[in-house]
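The structure under discussion appears below in the form of structure tokens.
Derivation of every value follows stated rules applied to the coordinates shown; laboratory data play no part. What you see is a predicted model, and the numbers here were worked out from it, not measured in a lab. Glycine also receives a Cβ, built like all others from the backbone with ideal geometry; neighbour counts cover every protein chain displayed.
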Amino acid sequence: MEVVQILVNGLMAGTLLAIPAIGFTAIFAVLRFPNFAVGGLMAIGAYTGLVANTMGGLPLLATLPIAFLVAGLIGVGSDKLMISGLRPSGPLAAAIGTIALGLLLENVLRFIFGNEFRTFNIPPVRDWRFGDLRVPPHQVENAAYAIAIMAALFCFLMFTRSGKMMRAVADNAALAGLKGINATRTTDLATFMGMGLAGVGGVLIGLDVAIDPLIGTRTMLAVFAAAVVGGLGSIPGAVLGAFVIGLGEELALLAVAPTYRTAVGFLAILLILSFRPRGLLGERRY
Amino acid sequence: MENYLIAMTVFAGIYAIMALGMNLIWGLGGMVNLGLAGFYAVGAYTSALVTTRLGLPIYLAVPLAVLVSALVGVVVAVITARLQGDYLAIVTLGLAELVRLTASNEIWLTNGTDGISGVPGPWRGVLSPTAFNSLYLAIVLCIVVILYLLLSRLAASPFGRVLRAIREDEMVAAVAGKSILSFKIRTFAVGCGLVGFAGALFAHYSSYVAPDVFQSIVTIHVILAVAVGGVGNMRGALLGAVIVIALGEATRFLAGSLDFIAPSQAAAVRESLIALFLIVVLNVRKQGLLPEKMPVYLEEKR
């Protein structure tokens, strides 16, 4: 029975993790550099949701689009202001710049909200029980939101003009340019979407744990691990990778102390890079 | 005041060693190490542990710390060197987290968040505090000068030329018959060893190591030092380290003088300023204050 409980917990954790992992991998797919500011923007999203919920009195569902918008706009604005000028000199400088940007955003939050842990204002509900299996309704609700977001994202990428443009640039930037696709518009859109997703992920993960300025930094390794395991730049890969990491983290609890959850992600990265560098679903090796 | 100035100069020296290591990896090798804080911690903890637990003398502990840090670097490089730099960035970033996690949780070994105190320093008990500080400063400065000379030689040697060739165009270097993998791994290992060296020097100076010391802001500081000084220029790394320490202290006074904000807010202001400064430097002055000297035919291209 314990195993079933672990599987359920792992799957639910994976669904939440998938959202920021998709954001990270989507930005990588289009812009070809790892944007480490996702951690900072997850925190921005989490606090946006928190303020909308506790001060604005909005229900949880309403805070998600607000967090998406705020994180997306801050993400794309800071990118245009601080990072876009670095991209011509190579992915290295841009990646380093995003580390500094993430740190900056975190410290702005720390300045405003302090270091205390905060929680959403949600009435407690008794766990659902199926025999020995315990399932908190909130987690199911969050997982359902995450799945709905993924479905919406899938439709956006498959059926809309902007979604197709993004996939074209990700596939072959030069060819997309020849076809007259505006590179700046597409990269801005990818950053907006990716950072918005990071923000929503921040809210969903913040509901699961408590929120402090380092919430993104603490989760970041798992997010990277999900993206790398699935194949950097592959969106279905990020989802699969998130499930692998989510399950792995729960399974690891059988063997090691809970504080080492983070180590699972790191171990997964090392394993996948040693044996299958393109990731589970990645087509190309970068 | 005197002791304060000496201490700051010692820290500038320790940062200079890290900046030299980072400059080797980033400036010459064109690779990235975003987990400097982790390697710094590995060096500091190794040296602290073998002196306090095993009673090894400092002059054996420090080389051991360098070796262990370099070996960790080899492992990371072997796994990622065949891939694009993005993976190295992700893995090193993760490594720093893992090191801090281990240091905080393996209480039997590292004493957890309480840290290890009583790390011996050379003649610490015998000398007066000022004399100890001055002696340590002299030791650190000697090491910095020697390392600077060695690394400048290395940068000008055939080895350095190959590294720059790999940085500019891996394929061309490979066609010229150079083993890219071996050069990258060796460079990364030496760079990480230097960062570990700095960590060991820190441990024996401050006599205390704890996970809190090795936050990612350390990595930002060193990257800033290299970026300000001039990526690829060893003299730039030294200048950058001095500037970063001065800047860190200046922001401390600045944040301290804002007496209407809480201490945690002051810390936030400091870190924000450092992060912002790095972003500005990267954007505005890409070559740093002392740009790398390039052959004339390449100068025109830049």
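Quick look at the values:
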| read-out | value |
| --- | --- |
| Angle between chain A longest axis and helix A:91-113 axis [Cα atoms, degrees, rounded to 10] | 40 |
| Along each principal axis, Cα extent of the stretch A:94-136, largest first, Å | 51, 25, 12 |
| Sorted by Cβ neighbour density within 10 Å, fewest at the top, the residues B:ASP86, A:ASP132, B:ASP259, A:ASP79 | B:ASP259, A:ASP132, B:ASP86, A:ASP79 |
| Calculated over the stretch B:126-241: convex hull of Cα atoms, volume per residue (Å³) | 125 |
| Alpha-carbon Rg/Rh ratio, for the stretch B:42-112, with Rh computed the Kirkwood way | 1.06 |
| Pairwise centroid distance, computed over Cα atoms, of the stretch B:38-91 with the stretch B:191-248, Å | 15 |
| Relative intensity, log₁₀ I(q)/I(0), of the stretch A:1-74 from a Debye sum that treats every alpha carbon as a point, q = 0.13, 0.15, 0.17 Å⁻¹ | -0.52, -0.65, -0.77 |
| Dipole of the protein assembly as shown [Lys/Arg +1, Asp/Glu -1 at C-beta], most positive-end residue of B:PRO211, A:LEU178, A:ILE96 | A:LEU178 |
| Neighbour-count ranking [beta-carbon atoms within 10 angstrom, fewest first] of A:SER89, A:SER234, B:SER69, B:SER134 | A:SER89, B:SER134, A:SER234, B:SER69 |
| Label point at B:ARG124 placed 7 Å out along Cα→Cβ; residues across the stretch B:50-93 whose backbone nitrogen lies under 15 Å | B:50-59, B:61-62 |
| Degrees, to the nearest 10: B:216-229 long Cα axis against longest axis of chain B | 50 |
| Placed amide H near A:LEU58: partners under 5 Å, 5+ positions off or other chain | A:ASN53 |
| Cα coordinate range in chain B, projected on the principal axes (Å, largest first) | 56, 46, 34 |
| Value of Rg/Rh across the stretch B:208-302 [Cα atoms, Kirkwood radius] | 1.09 |
| For the protein assembly as shown, convex hull of alpha carbons as volume per residue, Å³ | 160 |
| Nearest 10 degrees, 0 to 90: helix B:263-284 Cα axis against chain B principal axis | 20 |
| At most 16 other Cβ within 10 Å, DSSP loop - chymotrypsin sites (Phe, Trp or Tyr not before Pro), the stretch A:183-243 | none |
| Surface/4 estimate of mean projected area, convex hull on alpha-carbon atoms of the stretch A:150-265, nm² | 8.1 |
| Kirkwood Rh, angstrom, chain A [1 / mean 1/r, Cα pairs] | 19.0 |
| Kirkwood hydrodynamic radius over Cα pairs of the stretch B:1-72, then Stokes diffusion coefficient at 4 °C and 1.567 mPa s, in µm²/s | 95 |
| Taking B:LEU151, A:LEU11 and counting other C-beta atoms within 10 Å, the order from fewest to most | A:LEU11, B:LEU151 |
| Sorted largest first, extent of the stretch B:10-140 alpha carbons per principal axis (Å) | 52, 34, 22 |
| Candidate aspartates and glutamates for bridging to B:LYS293, where Cα separation is under 19 Å - those fewer than 8 sequence places away on the same chain excluded | B:GLU168, B:ASP169 |
| Set of lysines near A:LYS179 by C-alpha distance (under 29 Å), chain-local residues within fewer than 8 positions excluded | A:LYS80, A:LYS164 |
